[in-house]
Amino acid sequence: MHDTNVAIIGAGIGGVYLAAELGVLGCRLRLHDIDDARLAEIRSHGGIEVEGRGFAAIEQVTTEPAAAVEGADVIVIVTGGNAQATVARSIAPLLRDGQVILLIQGNTGGSLVVRRALDASDCRAAVDIAEIDNYPYSCWRLAPARIRPIVTKRWLQIAAFPGRRIGPVFARLSPLFPQAVAAPTILSTGFTNANAMLHVANCVANAGKIDRGEAYKFYAEGVTPSVARLYSAINAERVAVAAALGASVPNLEDWFEQTYGVRGAGLSETCQLLTTNSDGPYQATGTPSAWTHKYIAEDVPVGLMPMSALGKAAAVPTPAIDAVILLAQTLAGRDFAGDARTLNRMGLAGMDAAQIQATLRDGFR
């Protein structure tokens with residue numbers, strides 16, 4: 001049993017799955033969302049039923065940030081990348097020394113924009129900021145307050161910003177995520193951003209199906225051999241940019257094997273197995289029904305675009321990533337520049353590769 005007091009900000013699918021798992025683990029939970037409709041049935045139920053695992057009790061289910069954040073040991077932001085800075089600004093006055101803010105997931109550069117949002121809000125509390133490279137669990141949501149676990153990912157990275165804080169931060173977070181490993185800096189987590197690699201290219205390649213509202217098996221049917229070649233192209237650029245910045249990150253094939261223990265003859269076959277296996281984590285993955293879906297509206301501006309920007313800073317070309325960004329914006333009929341994590345918004349403008357590495361290790365000066 002872990003008597004850690006955890007505040008979960010965001011009661012979407014990711015937040016509900018997290019509450020279920022940490023509640024069964026024994027954490028004392030508060031769940032917050034600005035939309036009370038997401039909370040009503042969980043509140044009336046007193047928590048979440050977890051098939052085969054028990055009941056995850058939640059002490060506070062609230063739309064009030066203070067009720068969730070005050071006294072929490074760990075504050076987990078599970079809102080999606082586009083809202084992370086907004087959440088940071090809203091909780092900045094409530095933070096107290098010794099708390100840990102954890103982003104699930106950090107997308108690419110999440111800890112940087114959260115740190116800058118806290119600084120801009122004149123937050124003086126000595127808090128740590130950390131991020132995980134991916135959502136830890138895959139589940140079926142059977143009802144608002146009932147889930148069925150599918151799989152717990154086997155390999156997750158936790159990084160802190162600045163990286164030199166990873167020792168004490170990982171000591172506090174690893175009991176909550178026993179499958180996690182410590183990463184040296186958020187370069188490792190930010191460039192092991194599988195969502196940016198897997199979601200956008202799939203949507204672009206299956207644009208006709210999305211426009212027609214066709215429900216297709218996102219990975220098993222959406223990742224044909226040609227789409228897999230596109231995956232490989234953008235993946236190679238991601239790995240190259242990370243390497244130029246001093247981080248070693250797995251390619252998609254290795255990541256699938258490390259995380260799920262699945263590896264087919266190629267990416268297309270691997271994606272089919274991840275969907276069709278009885279414990280396949282992607283069997284529950286839904287199909288985007290519009291170009292406003294987070295697979296585009298989130299994974300372009302806070303995934304692919306900061307990877308491209310960091311590539312330019314490291315003098316590594318990213319033509320395939322840039323092409324997917326352009327196509328996604330064209331198909332969505334929207335310019336994501338206003339939401340993008342630029343070097344300036346991440347606090348890295350004007351830095352070369354060595355300066356970026358030093359900043360991520362030591363923090364802003």
Inset, instruction - Just give me the residues in region 244-274 being part of a loop (DSSP other than H, G, I, E, B), within 20 Å of residue 179 (Cβ to Cβ) and among the polar types (S, T, N, Q), in sequence order. - result: 248
Legend entry - Given (1) out of contact with any helix residue (DSSP H, G or I) (no Cβ under 6 Å at 6 or more places or on another chain); (2) surrounded by fewer than 19 Cβ atoms within 10 Å (Cβ to Cβ); (3) farther than 30 Å from residue 268 by Cβ, number of the condition residue 150 does not satisfy: (3)
Inset, instruction - Would you check if there is a residue in region 54-68 being closer than 22 Å to residue 138 by Cβ and surrounded by fewer than 21 Cβ atoms within 10 Å (Cβ to Cβ)? - result: yes
Inset, instruction - Just name the residue that is farthest from residue 135 (Cα to Cα) out of those in region 191-247 that are among the polar types (S, T, N, Q), open to solvent by 20 Å² or more (accessible area, probe 1.4 Å) and in contact with a helix residue (DSSP H, G or I) (Cβ under 7 Å, 6 or more places away or on another chain). - result: 224
Inset, instruction - Pairs only if they're at least six apart or on different chains, beta carbon under 6 angstrom, first in region 179-194 and within 13 Å of residue 302 (Cα to Cα), second among the basic types (Lys, Arg) and modelled with pLDDT of 95 or more; list them, first residue then second. - result: 191/238
Inset, instruction - Sort through 200, 204, 223, 227 and tell me the only one that's in contact with a Cys (Cβ under 7 Å, 6 or more places away or on another chain) and within 21 Å of residue 328 (Cα to Cα). - result: 223
Legend entry - Which numbered condition residue 226 misses (of (1) part of a helix (DSSP H, G or I); (2) modelled with pLDDT under 95): (2)
Legend entry - Residues of region 284-295 that turn out to be surrounded by 13 or more Cβ atoms within 10 Å (Cβ to Cβ) and at pLDDT below 90, as a count: 1
Legend entry - Members of region 124-140 found to be outside any loop (DSSP other than H, G, I, E, B), of a type outside the set (Gly, Ala, Ser) and modelled with pLDDT of 95 or more, listed by number: 128, 129, 131, 132
Inset, instruction - Give, as residue ranges, the helices (runs of 4 or more DSSP H) completely inside region 297-365 that count at least 3 residues that are without any contact (Cβ under 8 Å) to a residue 24 or more places away in the chain. - result: 319-332, 353-362
Legend entry - Failed condition for residue 278, given (1) in contact with a helix residue (DSSP H, G or I) (Cβ under 6 Å, 6 or more places away or on another chain); (2) farther than 18 Å from residue 107 by Cα: (1)
Inset, instruction - State which residue is surrounded by the most Cβ atoms within 10 Å (Cβ to Cβ) when the search covers only region 34-51 and only residues that are in contact (Cβ under 8 Å) with a residue 40 or more places away in the chain and in contact with a strand residue (DSSP E or B) (Cβ under 7 Å, 6 or more places away or on another chain). - result: 48
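The values are calculated or read from the model by the stated rules, or taken from the named source; none is laboratory data. Computed from a prediction, not measured in an experiment: that's the story for all the values here. Note that each Cβ is placed from the backbone with ideal geometry, even for glycine, and that neighbours are counted across all protein chains shown. Note: areas computed on protein heavy atoms with side chains; ligands, DNA, RNA excluded. Shrake-Rupley method; radii C 1.70, N 1.55, O 1.52, S 1.80 Å.
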